[in-house]
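Trainee: First, the structure itself, so that you have it in front of you.
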Amino acid sequence: MTMPAQGVQPGIAPPTLWICEHCDTVYHRRELACGEVARCARCDAILERHHSVGVRGMLALVITAMIAFVQANIWPIVTLGLNGQQISTTLWGCIEMMWHQGAQVVAVIAACTLFFFPIGKMLMLGWVLLYARTGRRAPGFRLAMVTLYRVGPWTMSEVFVLGTLVAIVKAHMYFEVIPNPGVFAYGVLMLIITAFSSIDVRRLWDLTRDDPA
């Protein structure tokens, strides 16, 4: 770890500096080796990780996640059977059911965290990466990056998958439970999101430049 740079006013880090977002300590930036992690000497926060995935690789992950997301929302999630009768539904069908059963608040939260926020995040990220392939910043780049940072913690597809698995195990005690393709598509989506969460998209600030006027 390099020593903190002296006399540098914290702000948006230029390409030659790291600024700790937790304690505002400023460091001279250097290239990280494979598997290396830069940490703040003051508060031990992670400044940056080495990433082997480039812009094109990130774009490929986003496109794959969008395909899995569409499939997860088209296909039924699970089929429940009781006394010879079976019922299956998609995620959006579950949200509509909760709305009509008087659980409007839960329905809105589920719709936002499992549908609108994830699809919005993927679309914005795909838009930014599409331009970043050539080193340019997309129109609305700053607003998109700030929105991605704010929305990130509210995309909870992985929480939904874990909750669904627990519900399937418990429901099996009372019903005939048949997992449908939708839950497997959500499982694939969870793995992609987990892989993507280790990539710091803030690198795009350094990898792209505004087009000259």
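Trainee: Rule-of-thumb check for the range 114-194: C-alpha Rg over 2.2 N^0.38 Å? Don't skip to the answer; put the middle values down first.
Mentor: Numbers: Rg = 17.0 Å, N = 81, 2.2 N^0.38 = 11.7 Å.
Dividing the Cα radius of gyration by 2.2 N^0.38 Å gives 1.45.
Trainee: Tally up the carbon and sulfur contribution to the accessible surface of the range 101-159 as a whole percent, 1.4 Å probe, everything protein left in place.
Mentor: Details: 2320 of 3280 Å².
Carbon with sulfur: 71 percent of the solvent-accessible area.
Trainee: Which of these, Val183, Val70, Val146, has the largest mean-square fluctuation under a Gaussian network model of the chain (Cα springs below 10 Å)?
Mentor: Val146
Trainee: Using θ = phi - 60° and the Karplus curve 6.51 cos²θ - 1.76 cosθ + 1.60, what whole-Hz ³J(HN,Hα) does each residue of the range 53-65 get, with Gly and Pro shown as x?
Mentor: 8, x, 5, 5, x, 5, 5, 5, 5, 5, 5, 4, 5
Trainee: Amide H of Leu47 versus every other amide H placed in the peptide plane: which residues, excluding those fewer than 5 positions away on the same chain, fall under 5 Å?
Mentor: So Leu47 has HN proximity to Ala38, Arg39, Cys40.
Trainee: Enumerate the calculated ³J(HN,Hα) couplings along the range 95-100 in order (Karplus 6.51 cos²θ - 1.76 cosθ + 1.60, θ = phi - 60°), each rounded to whole Hz, writing x wherever the residue is Gly or Pro.
Mentor: Result, ordered by residue: 5, 5, 5, 5, 4, 6 Hz.
Trainee: Let me ask another. How big is the chain in terms of Cα radius of gyration and Dmax, in angstroms?
Mentor: Using the Cα atoms of the chain, the pair Rg, Dmax is 21.4, 75 Å.
Trainee: How large is the helix-only mean residue ellipticity at 222 nm for the chain, computed as the sum of -39500 (n - 2.57) over DSSP H runs with n ≥ 4, divided by its residue count, in deg cm²/dmol to the nearest 500?
Mentor: Values: 8 runs with 101 residues, N = 213.
Computed ellipticity for the chain at 222 nm equals -15000 deg cm²/dmol.
Trainee: Output wanted: per-residue J couplings in Hz (rounded whole) for the range 115-123, from phi through Karplus 6.51 cos²θ - 1.76 cosθ + 1.60, θ = phi - 60°, x for Gly and Pro.
Mentor: For the range 115-123, the Karplus curve yields 10, 5, 5, x, 5, x, 5, 5, 5 Hz.
Trainee: Next up: Taking the full set of protein chains and a 1.4 angstrom probe, give the accessible area of Asp44 in square angstrom, rounded to the nearest 10.
Mentor: Approximately 90 Å² for this residue.
Trainee: Here is a follow-up. Just name one of Gln85, Gly57, Met97: the one whose Cα is farthest towards the positive end of the charge dipole of the chain (beta-carbon charges, Lys/Arg +1, Asp/Glu -1).
Mentor: In the chain, that residue is Gly57.
Trainee: Also: Compute a Gaussian network model of the chain, connecting alpha carbons closer than 10 Å, and tell me which residue from Cys94, Cys23, Cys40 fluctuates the most.
Mentor: Looking only at Cys94, Cys23, Cys40, the biggest GNM fluctuation is shown by Cys23.
Trainee: Okay, moving on. Can you list residues from other chains, or at least 5 along the same chain, whose modelled amide H is less than 5 Å from the amide H of Thr89?
Mentor: Residues meeting the amide H criterion: Ile77, Val78.
Trainee: Can you list the residues, at least 5 places off or on another chain, whose amide H is less than 5 Å from the amide H of Leu32, using H built in the peptide plane?
Mentor: Sorted by chain and number, the residues that satisfy this come to none at all.
Trainee: Could I ask something else about it? Could you give me the percent of Cα pairs per 5 Å distance bin for the range 26-144, shortest bin first, beginning at zero and ending with the bin that holds the maximum distance?
Mentor: Here the calculated profile for the range 26-144 is 2, 9, 11, 12, 13, 13, 12, 9, 7, 6, 3, 1, 0, 0.
The values are calculated or read from the model by the stated rules, or taken from the named source; none is laboratory data. Predicted model only: the values in this text are computed from it and were never measured. As a convention, Cβ positions derive from the backbone with ideal geometry for all residues, glycine included, and neighbour counts pool all protein chains shown. Heavy atoms of the whole protein, side chains included, go into the accessibility calculation; ligands, DNA and RNA do not. Shrake-Rupley method; radii C 1.70, N 1.55, O 1.52, S 1.80 Å.
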